[in-house]
Amino acid sequence: MRAWDDHRLRLVDKEVRGERGLLVFDAPSLVEALSPGQFLNLEVPGRLLRRPMAPAVMGGRLLVFVRGRGPGTRGLLALPEGAVLRALGPLGNAFPEPRGRALLVSGGTGVGPLLFLARRLVAAGRETVLFHGARDASEGFLLPYLRATGAEVRFFTEDGSLGERGFPTEMLPFSLRPGDTVYAVGPEPLMRAAARAAATMALPAYVSLEAHMACGVGSCLSCRVELKSGPVHVCQDGPVFPAEEVFFAETPHVR
Amino acid sequence: MKKLEVDFLGVRFPNPVVTASGTFNFGKEYAHLYPLSRLGAITTKGTSPRPIPGAPPPRITETERGMLNAIGLENKGVEAYLEDELPWLKAQGARVIVNVFGENPAEFALVAAKVSPYADLVEVNLSCPNVHAGGLPYAHDPAAAAEVIRAVKEATDRPVLAKLSPEGPTLRVAEAVEAAGADGFSLINTIRGMRIDLETKKPVLGHRTGGLSGPAIRPIAVRLVYELFQNTDRPILGMGGVRTVEDALELALAGARMVAVGTATFADPYAPLKLVQGLEAFFAGRGDTWLDWVGGAHR
C-alpha cells in the first residue's frame, strides 16, 4: 500500500437527496492509490478538523457518500461544483480477499467502501452479491451506482417504497452458503446482525468501524477502541476488522 | 537560514518551530512527508513510567475555532519508547524535546532520567493530576509543581522546561518552579472545556471535560507569554493556536523564543513545515532576524 499524502480533490458532480448525498471528485493522484476499505481524512469547509470518510473509486472518479449530520458534513453537501478540497489518504487498511463468494451488506454511508469493493471483486471475476439497506426510496439515486458494479444487487427499504421491504440483514441468512465471506459496513445494528448471521454458519466476516478522529494518521490517539484481542486505533489498525473481534453495542466499547 | 537560528538553553535550533506534545506522536507518522530535521524540534507524546490506556471515547470533538480533547494521557510507557521511538527519532537528525509525566515527583524523575540520552530538552507536563492531592493538577499548586521540578532536575543533566497551564495560578507556579531549578518554560497547555449533546443531553466526550486547543485559545497564549516574559529571564517556548507566520511572530513579540504548532498539525500535517518555510520567506527580504522579534512588545 502506498504512503498517504495530502491530495487535491475537485468536486465535479454531486447528487443530494435531503440530508444524504453523493459527491463526485476528480482526484487523479488519489484514485490510483486507494484500495477498498481505506479512508480519507477530508477537509470540510469552514471547520478546523477534517472528517474521516471511506470513499469509492468508480470510473476514475472518487465517490464520497455523505450524511449531513453537523455543520461540517452539511457544508460538504452544500459545496458548489468546481470546489477544491484537500484530503489525506489513502489511510488505514483494506478489506481482505474473500475465500469464495463475497456477500456485501451496506447501510447509510457504508455504501461507499462496499460499492468500491464490489467493483474490484467483480472486475477480478469473483462472484459478488451486494445488499443495500435504505430507509426509504430517497436513496434510490444509489441504484445506478450499485448496479454499475456488476454485482448482483438487492436493494431494501424499511418502508418497502423501493425494492424489497425490510432490512437486508433479515434476508442475509437465507442467502449465505458455505464458503462465503461477509463484509458489512453501516450502522452498528446492521453490522452486528450481519456478523451474527456469518458466525452462525462459521463464515468469515469483516466490518469497518467508525471513530472520532483528529489526525487520521496515528498521532492523536483519539480513535482507540477495545477489541476482544485488546486495544486498537481505528485509523492505523483499521478501519476494517474481523467481525468476531468487535464488541457490538450491548458490551462496553472501551476498557 | 541563519536568520531563524535560535540558541535555547545552550541547544542550537535551526529555526524556532517545534511540534507540540501529543500532536505529532514520536514523528514516525510524518517522516515520509518531510525530513523531521527540517523542523526546529519535535516534542514527543507525553510519556509516563508505565503504559496508560487513556480515556473512554469519544476523545475529541470540534468546537468553534478549536477542539476539545480528552485522550487521558494514553501512552505506551517509557520502556516502549526507549526501544522503538526515541533512538529512531534521534537517528533522523531531529532535535528532540521529550515530554514527561508521572503520578508523583519520583515517577517524573524516573522517566526524565531514562529519556535523557535522547532529549535535547526535557519538558515536564505539570497539568497531569496529582494523585496525592485528590487529582488536582500540579499546575494548580506552586509547592507541588516545585517539588516535581526539583526531582526532575536532580535526575537529568538536560535543560528542563516546565510546561505551564493557563489555569490555576500560572505566574505563581512559574515563580515557584523557577526557584526549584526550571531552566525555561513552555506554555500554554490546553484549557478545560465541555460540550453537551442536545439530543442525548449528556457531555459529548467520554471523559466529560476535555482540553480546549486551537485558534480559539491563541489570545490567551499571547497574554500569558507576555505576562510571564515580564516575570522571568528564562526562555519561553510559546504555544496555543499557532499556525501562520503572523501567529508565530505575535507570540515572539509577546516573549516566546520558540513556538510550537499543535492542533494545526491535525488539520494539516504539513503545518509545522509550512510555518518554517513561511518564516524563511518572511525574513529573506528583511534585515532583522527572528531573535530581534522575541520580546519586541516589551521594548
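Kindly indicate which of B:Val115, B:Val98 is among the aliphatic types (A, V, I, L, M), modelled with pLDDT of 95 or more, closer than 20 Å to B:Gly54 by Cα and outside any loop (DSSP other than H, G, I, E, B).
None of the other options fit; the residue is B:Val98.
On inspection, B:Ala119 passes the criterion of being small (Gly, Ala, Ser), out of contact with any Phe, Trp or Tyr (no Cβ under 7 Å at 6 or more places or on another chain) and buried (at least 24 other Cβ atoms within 10 Å of the Cβ).
This table checks each residue for (1) surrounded by 15 or more Cβ atoms within 10 Å (Cβ to Cβ); (2) farther than 30 Å from A:Asp5 by Cα.
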{"residue": "A:Gly166", "(1), (2)": "no, yes"}
{"residue": "A:Ala198", "(1), (2)": "yes, yes"}
{"residue": "A:Ser208", "(1), (2)": "yes, no"}
{"residue": "A:Gly216", "(1), (2)": "yes, no"}
{"residue": "A:Pro239", "(1), (2)": "yes, no"}
{"residue": "A:Phe247", "(1), (2)": "no, yes"}
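Do any helices (runs of 4 or more DSSP H) entirely within region A:149-255 hold 2 or more residues that are within 14 Å of chain B (Cβ to nearest Cβ), and if so, which?
Values: elements: A:168-175, A:188-200, A:234-237.
Result: A:234-237.
Checking each residue in region B:70-84 for being surrounded by fewer than 22 Cβ atoms within 10 Å (Cβ to Cβ) and more than 26 Å from A:His212 (Cα to Cα) picks out B:Glu79, B:Leu82, B:Glu83, B:Asp84.
Applying the condition of being among the small types (Gly, Ala, Ser) and more than 9 Å from chain A (Cβ to nearest Cβ) to region B:46-59 and asking which residue is nearest to the chain's Cα centre (by Cα) yields B:Gly46.
Can you confirm whether B:Thr209 is away from chain A (no Cβ under 14 Å) and not charged (D, E, K, R)?
Working: away from chain A (no Cβ under 14 Å): yes; not charged (D, E, K, R): yes.
Yes: the conditions hold for B:Thr209.
Select from region B:31-85 the residues that are closer than 17 Å to B:Gly262 by Cα and free of Cβ contacts under 8 Å to residues at least 12 places away in the same chain and list them in ascending order. Of everything in region B:31-85, just one residue is closer than 17 Å to B:Gly262 by Cα and free of Cβ contacts under 8 Å to residues at least 12 places away in the same chain, namely B:Glu62.
Of the residues that sit in region A:1-23 and are free of Cβ contacts under 8 Å to residues at least 60 places away in the same chain and surrounded by fewer than 16 Cβ atoms within 10 Å (Cβ to Cβ), which one is nearest to the other protein chains (Cβ to nearest Cβ)?
In the first step, residues of region A:1-23 are kept if they are free of Cβ contacts under 8 Å to residues at least 60 places away in the same chain; the result is A:3, A:19, A:21, A:23.
After this cut, where a residue has to be surrounded by fewer than 16 Cβ atoms within 10 Å (Cβ to Cβ) as well, the list is A:3, A:19.
Details: A:Ala3: 5, A:Glu19: 15 Å.
My answer is A:Ala3.
So if I check each of B:Glu62, B:Glu79, B:Glu74, which one is more than 7 Å from chain A (Cβ to nearest Cβ) and at pLDDT 95 or above? Result of the check over B:Glu62, B:Glu79, B:Glu74: B:Glu79.
Just a yes or no: is a residue in region B:279-290 surrounded by fewer than 16 Cβ atoms within 10 Å (Cβ to Cβ), among the small types (Gly, Ala, Ser) and part of a helix (DSSP H, G or I)?
First, pick out the residues of region B:279-290 that are surrounded by fewer than 16 Cβ atoms within 10 Å (Cβ to Cβ): B:280-281, B:284-289.
Right, trim to among the small types (Gly, Ala, Ser) and you get B:281, B:284-285, B:287.
Right, trim to part of a helix (DSSP H, G or I) and you get B:281, B:284.
Yes, region B:279-290 contains a residue that is surrounded by fewer than 16 Cβ atoms within 10 Å (Cβ to Cβ), among the small types (Gly, Ala, Ser) and part of a helix (DSSP H, G or I).
If you go through region B:214-239 and keep only what is more than 14 Å from chain A (Cβ to nearest Cβ) and farther than 24 Å from B:Gly10 by Cβ, you end up with B:Pro219, B:Ile220, B:Ala221, B:Val222, B:Arg223, B:Leu224, B:Tyr226, B:Glu227.
Can you tell me how many residues within region B:29-45 are among the basic types (Lys, Arg) and within 11 Å of chain A (Cβ to nearest Cβ)?
Our first condition is that a residue be among the basic types (Lys, Arg); within region B:29-45, this holds for B:38, B:45.
Within this subset, residues satisfying the condition of being within 11 Å of chain A (Cβ to nearest Cβ) are B:45.
The total comes to 1.
Mind checking which residues of region A:24-69 are among the charged types (D, E, K, R) and within 14 Å of another protein chain (Cβ to nearest Cβ)?
Step one: filter region A:24-69 for residues among the charged types (D, E, K, R), giving A:26, A:32, A:43, A:47, A:50-51, A:61, A:67, A:69.
Correct list: A:Glu43, A:Arg47, A:Arg50, A:Arg51, A:Arg69.
Selection of first residues in region A:122-138 that are in a strand (DSSP E or B) and of second residues that are at pLDDT 95 or above and among the polar types (S, T, N, Q), restricted to Cβ pairs under 6 Å at least 6 apart or on distinct chains, gives the following pairs, ordered by first then second residue: A:His132/A:Ser106; A:Ala134/A:Thr157.
For region A:22-52, the set of residues classified as touching a Gly at 6+ places or on another chain (Cβ under 7 Å) and not in a loop (DSSP other than H, G, I, E, B) consists of A:Leu30, A:Val31, A:Phe39, A:Leu40, A:Asn41, A:Arg51, A:Pro52, listed by residue number. Selection of first residues in region A:30-49 that are farther than 24 Å from A:Ala102 by Cβ and outside the structural domain of A:Pro71 (by TED's automatic domain parsing) and of second residues that are surrounded by fewer than 24 Cβ atoms within 10 Å (Cβ to Cβ) and among the acidic types (Asp, Glu), restricted to Cβ pairs under 6 Å at least 6 apart or on distinct chains, gives an empty result.
Annotation: A:Val84 fulfils all but one of (1) within 27 Å of A:His233 (Cβ to Cβ); (2) exposed (fewer than 15 other Cβ atoms within 10 Å of the Cβ); (3) β-branched (Val, Ile, Thr); the unmet one is (1). Counting only strands (runs of 3 or more DSSP E) wholly contained in region B:154-270, the ones carrying 1 or more residues that are aromatic (Phe, Trp, Tyr) and surrounded by 24 or more Cβ atoms within 10 Å (Cβ to Cβ) occupy B:184-187.
The values are calculated or read from the model by the stated rules, or taken from the named source; none is laboratory data. Owing to the predicted nature of the structure, the values given are computational and were not obtained by experimental measurement. Please note: Cβ atoms are built from the backbone with ideal geometry, for glycine as well, and neighbour counts cover all protein chains shown.
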